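The values are calculated or read from the model by the stated rules, or taken from the named source; none is laboratory data. All figures in this text were calculated on a predicted structure; none of them were measured in a lab. As a convention, Cβ positions derive from the backbone with ideal geometry for all residues, glycine included, and neighbour counts pool all protein chains shown. The area values use the complete protein model at the heavy-atom level, side chains included, leaving out ligands, DNA and RNA. Shrake-Rupley method; radii C 1.70, N 1.55, O 1.52, S 1.80 Å.
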Amino acid sequence: MVSRPHGKINLGLHVVAKRVDGYHNIETCFYPVPRTDILEIIKATRFEFTTSGLPVAGLPEQNLCVKAYHFLANEFRLGSVKIHLHKILPMGAGVGGGSADAAFMVRSLNTLFQLNLSHDQLKSFAVELGSDCAFFLQDQPMLAEGRGEVLSTAPVSLKGKYLVLVKPDVHVATADAYAGVVPTKPVNNLKDVLQSPITSWREKLVNDFEPSVFKKFPVIGELKKQLYANGALYASMSGSGASVFGIFDAPVNLQSKFSDVDYWAGTLG
């Protein structure tokens, strides 16, 4: 069976507190993006994992797709499968590509082997694989708290808006990004901001990682400025970087203006 793990952007991202387990509590809105990887899984006589598209870093056994399979295989004695991942979503981009692949692996295995797992059961497995994996079990905007696994429906729709997503050739280590942030309670209530007109988001909807990341990687901050200069209603870094997105009222063709970075554009659902 074939699935298309989709990316995400963050509408606002607040680092609220450091946890005793070493993680951080956050507040954010995950919004699905129709740029996808392609994941194929078929039953087989022996396990096999292959990739194509963008290079996938790390050993195969470290890949989240492989980890997801072995996690469920050990729990439910699944048969062997062949997995092929065609990688389109850039890595180290703040768009959740690895987490999406893992979550869609769990979803697909549930269907392929007719496990009939409930949403809560699927979520329990997804959370073990990554803090934001649970979001990718549903295909709609979600408010996220805790480590990113405490989810509720988000009061926002960007249906029909046009998204431009750009990523420079830099890698922002998540641990370094967190090290540059002092956890604090947000000035504006995220839910309230999301329900306000998008034209008011520029001053109110913030990503706490931006100041320190932009200081270390000025090119990321410059991309945000360029998106605003080209008419974005709202622009922000996604996650801890390095991608930056702009939201527009109508389709725009900015490929020539961002020719030296990874570029994607499309309509949001």
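When the residues of segment 186-202 are narrowed to those that are assigned to a helix (DSSP H, G or I) and of a type in the set (S, T, N, Q), which ends up surrounded by the fewest Cβ atoms within 10 Å (Cβ to Cβ)? Top of the filtered list is Thr199.
Results for (1) in contact with a Pro (Cβ under 8 Å, 6 or more places away or on another chain); (2) surrounded by 23 or more Cβ atoms within 10 Å (Cβ to Cβ); (3) at pLDDT 95 or above, shown as yes or no for each residue.
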{"residue": "Ser3", "(1), (2), (3)": "no, no, yes"}
{"residue": "Phe47", "(1), (2), (3)": "no, no, yes"}
{"residue": "Cys65", "(1), (2), (3)": "no, yes, yes"}
{"residue": "His84", "(1), (2), (3)": "no, no, yes"}
{"residue": "Gly92", "(1), (2), (3)": "no, no, no"}
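The set of residues from segment 233-253 being more than 18 Å from Asp176 (Cβ to Cβ) and open to solvent by less than 10 Å² (accessible area, probe 1.4 Å) comprises Tyr234, Ala235, Ser236, Phe245, Gly246, Ile247, Phe248. Just one of (1) open to solvent by 40 Å² or more (accessible area, probe 1.4 Å); (2) touching a Phe, Trp or Tyr at 6+ places or on another chain (Cβ under 8 Å); (3) within 29 Å of Tyr178 (Cβ to Cβ) fails for Ala57. It is (2). Among residues of segment 251-267 that are part of a loop (DSSP other than H, G, I, E, B), those with a Cβ under 9 angstrom from a residue that is surrounded by 16 or more Cβ atoms within 10 Å (Cβ to Cβ) and charged (D, E, K, R), sequence gap 6+ or separate chain, pair up as Val261/Lys167. Total residues in segment 150-185 satisfying the condition of being open to solvent by 30 Å² or more (accessible area, probe 1.4 Å) and either in contact with a Ser or Thr (Cβ under 6 Å, 6 or more places away or on another chain) or of a type outside the set (Asp, Glu) (or both): the figure is 22.
Of all residues in segment 94-137, those satisfying the criterion of being in contact (Cβ under 8 Å) with a residue 24 or more places away in the chain, surrounded by fewer than 24 Cβ atoms within 10 Å (Cβ to Cβ) and part of a loop (DSSP other than H, G, I, E, B) are Phe113, Leu115, Gly130, Ser131.
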